[in-house]
1. Send over a whole-number figure in Å² for the accessible area per residue of the chain, probe 1.4 Å.
2. Using a 1.4 angstrom probe on heavy atoms only, work out the carbon and sulfur share of the accessible area of the chain in %.
3. If I model a spin label at Leu77 and Met6 as a point 7 Å from the Cα along the Cα→Cβ vector, what separation in nanometres do I get?
4. Taking the chain as the reference, fit the longest principal axis to its C-alpha atoms, fit the long axis of helix 18-34 to the helix C-alpha atoms, and give the angle between the two in degrees, 0 to 90, nearest 10.
5. Return the percentage of antiparallel bridges among DSSP beta bridges fully within the chain, rounded to the nearest 5 %.
6. Output the Cα-based Rg and Dmax of the chain in Å, rounding Rg to one decimal and Dmax to a whole number.
7. Could you list which residues have their amide H under 5 Å from that of Ser72, counting only those 5 or more apart in sequence or on another chain, with H placed in the peptide plane?
8. Angle check, please: helix 37-54 long axis (alpha carbons) against the longest principal axis of the chain (alpha carbons), in degrees 0 to 90, nearest 10.
Amino acid sequence: MVVRIMGEGQVRLADSHLTELNKLDDELLAQMETGDEPAFRRTLTALLDKVRERGEPLPDDALQPSDLILPSPDATLEQVRALLRDDGLIPG
């Protein structure tokens, strides 16, 4: 799966990491519902860090469609809400 972090580029991520990322995505959704901005910020950072850690960066000149688009690290609660699907940022 090819994942884009807005403003940073793309990484190739094995599907086997989705379960781990979905746990963070669930936490993020819960924090968004309660409006807990500090917890939201920590969890978004952890989610993006995990994607960077587990993913293999693609070259900047690689032109591949992204299977998943994640917000930038400085995205606001409102900006992340605009990216949400029924099951969060990460499918599954």
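1. Roughly 57 Å² per residue, with all protein chains present.
2. 52 percent
3. Distance between the two pseudo-spin positions: 1.7 nm.
4. Rounded to the nearest ten degrees, it is 30.
5. Bridges in the chain are about 70 percent antiparallel.
6. In Å, with Rg to one decimal and Dmax whole: 12.6, 40.
7. Amide H to amide H, under 5 Å and 5 or more residues apart or across chains, Ser72 pairs with Met6.
8. 20 degrees
The values are calculated or read from the model by the stated rules, or taken from the named source; none is laboratory data. Everything quoted here is computed from the prediction, not taken from an experiment. Counting neighbours? That spans all protein chains shown, and the Cβs are built from the backbone with ideal geometry, glycine included. Heavy atoms of the whole protein, side chains included, go into the accessibility calculation; ligands, DNA and RNA do not. Shrake-Rupley method; radii C 1.70, N 1.55, O 1.52, S 1.80 Å.
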